[in-house]
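A short write-up of the structure that comes next.
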Amino acid sequence: MRRFGRFTGEGQALGKASKPILFEQVAALVHRRAPGGGLQILMVTTRETGRWILPRGWTIKGLKPHEAAETEAFEEAGVIGKADRKPFTVYRYIKRFPKKTAAVVVAVYPMTVERELDDWPEKGQRDVAWVTPEEAVARAGDPGLIPVITQFVDASAAEEIDRPTA
């Protein structure tokens, strides 16, 4: 679990235990094209509250952040793919621990799925769903995910417009 400013340049504790402390996580924004060509986003539920989120977790010692995002996607959703080396964006949420709360900055790495597995480490502990961007926004369990998803959809649409046709 990393603390303080690796992704954002921020780097100071926000105060005593009663005030939030800043931590960092990584998330994989796993996406694919549906058979009809529409964009789909992979979402998972949290184990404790069942909120819909992107696969995410703490950074992993010895792995680059984008590799840690790939690992989270594998462990939580059973997908294999390649994440972008640089984060698309970051968002924040408040994590509640038993004796404190913490502000968490999440670096989001887009990841194109290459393979879906029949079995994975957290299978049965979470629900996993491929959804349209509109459904992803409706399901988002963290308010900070909504602009992440809409920005990604807008950027994907712009790439489609700029891509030359054969």
Point to revise | At q = 0.11, 0.20, 0.23 Å⁻¹, base-10 log of I(q)/I(0) for the stretch 29-131 (Debye sum, equal scatterers on each alpha carbon) | key: -0.34, -1.10, -1.38
Review point. So how do 129-137, 24-32 stack up, highest first, on mean other-Cβ count within 10 Å?
Key: 24-32, 129-137
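Taken together, the values in this text are just the output of simple stated rules run on the coordinates, not laboratory data. Just so we're clear, the structure is a prediction, and the values are computed from it rather than from any experiment. Neighbour counts run over all protein chains shown; Cβ positions are idealised from the backbone, glycine included.
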